[in-house]
Amino acid sequence: MAASTEDAPTLTATPPPIPTPIDPIRFQAAVFDLDGVLTGTAELHAAAWKQLFDAFLKKRAGGGDFKPFDAVSDYQTYVDGRPRADGVRTFLTSRGITLPEGGPGDAADADTVQALGARKDDYFLERLASDGVKVFPDALPLLAGLRAAGVKTALVSSSRNAKAVLEAGGLTALIDIVVDGVEGARFGLAGKPAPDTFGRALQVLGVEPARAVGFEDALVGVEAIRAAGYGLVVGVDRVGHAAALVAHGAHVAVTDMMTLAVATPTAPADPPLAAWPPAPPTFDVDWMVVEDGFVLTREHEIESMLSISNGHLGSRASLAEGEPISAPATFVAGLFDTGPRPSPTLAPLPNWSHLATFIEGTPLTLREGRILAHRRTLDMRQGLLWRDWLHEGPVGRITHFQECRLACAYDRRLLLQSVALSSQNYAGALTFKTELGEATDVRTTSGGLAVVDAAAAWATASDLTAQPARLADVTLHTEPGQSHRIDRLAAVAASSQDGQPAVVAAAHLAAARAHGLTELVARHRETWAERWQGGDIRVAGDTEAQVALRFAAYQLMSAADPSDPRVSIGARAMTGVTYSGHVFWDTEIYMLPFFALTWPAAARALLMYRHHTLPAARAKATQHGARGAYYAWESADTGEDVTPASVIGPGGIVIEIKLAHQEQHISADVAFGVCTYWQATGDDAFMLEAGAEIVIETARFWASRAALEADGKRHIRGVTGPDEYHTGVDDDAYTNGMARWNLRAAAALVGQMAARWPDAWPDLRTQLKLDDAEVADWSAAARDIYDGLDPKTGLIEQFEGYFGLTDLPLSRLVSRAIPVDVLLGLDRVVRTTIIKQPDVLLLIWLFWNDYPPEVREANFRYYEPRCAQGSSLSPCIHALYAARLGEAELARKYFRQASEIDLSNNRGDAAGGIHAAALGGLWQAAVFGFAGLTLGDDGPKLDPRLPPDWGELAFRIRWRGKDYDLCASPQGSSVTPVETAP
Ligand code: IFM
């Protein structure tokens, strides 16, 4: 029975702490059952059963009299709630009729149980199409309100017709994902009362159970949601069974779901001002990146290095006052703008943290007067950026300016800035000016929209009454020793994730203000504490290495958003403008292992991005006359290749970039990422949904690219491997090796799929139009791809003709501080054996056990001295490889080089953003190199080769659903499974 919106809502049970209404900050997802919650389909079902049985009984009576099916009593007694075939049997038995069971091959009009069941389904769908479905009056406004506030919505139903019912009820557009009977069968899900279908919905959405609310009218459904660990279980009482719903585990039972409608952003409370600082800062050098003083020429690097980000929003650590030099930028993941530029670029948002201070009309800046103290600290443990600045102005006025910023890890749409300013020795007028006082929007040329909604409160310490909520220009009077607080919240929503950005931003701002800053900061810190539980890596005895590894983990965890499967991490994450936010192979080969082993939900979302961009990869393959999927070398929101056609090189020369057409290894790299994740997690559902398609389509690409030639070998010509100094080469070792692996992996996968998922596999196979001959061709291609290995020397030639190039040892070059392509000119480098970054060595590392020790050794001895380390992706692989060979000094040297790419204070390389791949590579060098981690069916193992002064290297990984604490030390190593609560 439908509840009417006019009925007074009944809140049957309210055990604390039940948020009423639903708080869009606390809850990221709302998951609904269908029948009895969103829609009422009982009448349609009853009518379809009646149509079926009346026709059957009439035919059986030979046109004579028969007792028709009663759409109320027969329906309730014999068929309601039963699986279809069961309903047929039970009703017919009540009439003394027994039919043969039959099967899927039965004629449509056959009189078997299965054929009658199928007919009933057809009648139901026909009626659904003609009559529509009853939608409960509270369903639409609630769904719309949740979506408007940025809460994701999902449907969980055992019905195979769930999507059709949603469509008929006009609800499809309000539901983000559906886990229905079809999906349940495909993934072998048990369904209610088991929690797996509700768990799956959250896995797909990338939302933790504690951050989800579930709505159910059935007692078994309530039990299932409770068992799935949802933060709030709402029993929907349409038939007066509220007490039973609560008894079965509902936190609350309501007759009208609008009782829990989302908070409206009207009349929010101002954030209560807590005492400065908003959180106790971390005073532990192992957790801090500290920048003392102020050096104009380093400022852009520092802005990148100290960036704050939560995977959805990223913001550079630019000076609030913007002077004397500043390149502020705040980005939202996935929101690209084409504008006048040659290719899409992450759209810059308004400068939300800008705050210019004037003392008696004179600007407070580092440019004028004397810096008495200036320290900026990235507090990695808590995800906080601190600034502590004591300044003497031109006429001797001394001001203490302290600031804390965060990109909220708990609610990814929020940014917070908190400033405390105090006069040390003067009385006078203080004026604050900002660039962003109110809601502002940014529109991209491609129709995207981001809305930044801001609110601020300011107060004087002696009078902590918050002032009006919008901050534009404010002037107040100060006295010596008096301090003033400004707390500014900015909520950002963008069309890349939210349907109505302005509404979402306003709702999040209102909810955050209602919670207050203290709570918001506390939740942010708790979220970081949870993250570090999985992602921390500890080094004893080497503070520099400790900070470098934590910095790597901090930046990687900051860059990921498990709840957004439509974005990936760009080469510079969201910390700078270099590479425009574009996504490269960096993500799958360098960053993904960290996520797969420490934060699988984030890894899954990164790979789902590649699945969403598969259509563009297919189109690119077609454009290149190939089959399957050829991923973009540089990828943005759609997956189209957005590599710029040219760049300005040294000396202002325009260099044409052909990499979009040549760095074909990207396709295998993406597939490799898929298998890395699958191996680490055993997430079969991901493979069925997305992973298998990627591996198969990329294998297809290679089978069409690797042409069989007269020598009986398959060759891949005209490509560029990771070594971008030598472009357009034939048979690049890395490309060929990865292609071989991709073909083999796909052939093996097909075999496994057929054996392990006999139900789901035929559909996918048909959808991909795959036949045995094609799979056999992959195996043949893998076998025949040219491998460039000289069995006598054990050396693999990097590409055809490489060994014939001029051998110019790098050690002879005078200065290695200048990139070798700049020093010699690219046209000369091309004629030498000098390489930019590892190609053969990377290949060997990825397939370490496939190569005998002498081949590993010989190639390292050959290629290491010839590598100019011309890419930030290079030193980490050398560190890892050297560590595995037991070359402690060399490993240490390269590890240090990799650590300094962003953190060095004399290279200035991070101005355009941090190097996310190098950071992922640094983590891999420590974990796979120094700790010697190997992973297999018998779990993780360590074979440590630590630098001599490292007392210990400890970290946690998740391998196939189980957490392990690993510790490598000179005394030995330990692998300890972590006991988790059931
Ligand atoms: O993907 C890399 C490439 O390997 C070397 N140049 C920089 C790119 C982005 O990091």
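Derivation of every value follows stated rules applied to the coordinates shown; laboratory data play no part. Owing to the predicted nature of the structure, the values given are computational and were not obtained by experimental measurement. Glycine also receives a Cβ, built like all others from the backbone with ideal geometry; neighbour counts cover every protein chain displayed.
Across every pair of non-identical alpha carbons in the chain, the mean reciprocal distance, once inverted, gives a Kirkwood radius of 30.9 Å. The mean sequence separation of alpha-carbon pairs under 8 Å and at least six residues apart, normalised by the residue count of the range 862-976, gives a relative contact order of 20 percent.
Ordered by packing density, taken as the mean number of other Cβ atoms within 10 Å over each peptide's residues, highest first, how do 106-115, 597-606, 949-958 rank?
On the way: 106-115: 15.7, 597-606: 24.5, 949-958: 18.9.
Descending packing order for the listed peptides: 597-606, 949-958, 106-115.
Shape class of the range 794-913 from the Cα gyration tensor (axes a ≥ b ≥ c, square roots of the eigenvalues): oblate, since a/c reaches 1.5 or more and a/b does not exceed b/c.
For SER667, SER158, which order do you get if you count the other beta carbons within 10 Å of each Cβ and list the fewest first? Can you show the working numbers first?
Values: SER667 32, SER158 19.
Lowest count first: SER158, SER667.
Just check the range 120-190 against the gyration tensor rule for me: Cα atoms, a ≥ b ≥ c as the square roots of the eigenvalues, rounded for a/c under 1.5, and otherwise prolate or oblate depending on whether a/b exceeds b/c. Cα axes put the range 120-190 in the oblate bin.
Note on the range 595-640: Cα Rg divided by 2.2 N^0.38 Å, N the number of residues, gives 1.31. Relative contact order of the chain: 9 percent, from C-alpha pairs under 8 Å at least 6 residues apart in sequence.
With Cα atoms defining each centre, the range 113-146 and the range 883-950 are spaced 57 Å apart in the structure.
Please compare each pair in LYS50/LYS163; LYS836/LYS893; LYS658/LYS769 to a cut-off of 27 Å on the Cα-Cα distance and tell me which ones are over it. Could you put the intermediate results ahead of the total?
Working: LYS50/LYS163 23 Å; LYS836/LYS893 18 Å; LYS658/LYS769 32 Å.
The answer is LYS658/LYS769.
Each peptide in 418-429, 324-335 was scored by the mean count of other Cβ atoms within 10 Å over its residues; highest first, the order is 324-335, 418-429. In loop segments of the range 636-728 as defined by DSSP, there are no chymotrypsin sites (Phe, Trp or Tyr not before Pro) with at most 12 further C-beta atoms inside 10 Å of their C-beta. Straight-line reach from LYS713: taking Cα to Cα under 21 Å and skipping same-chain neighbours fewer than 8 places apart, the lysines in range are LYS792.
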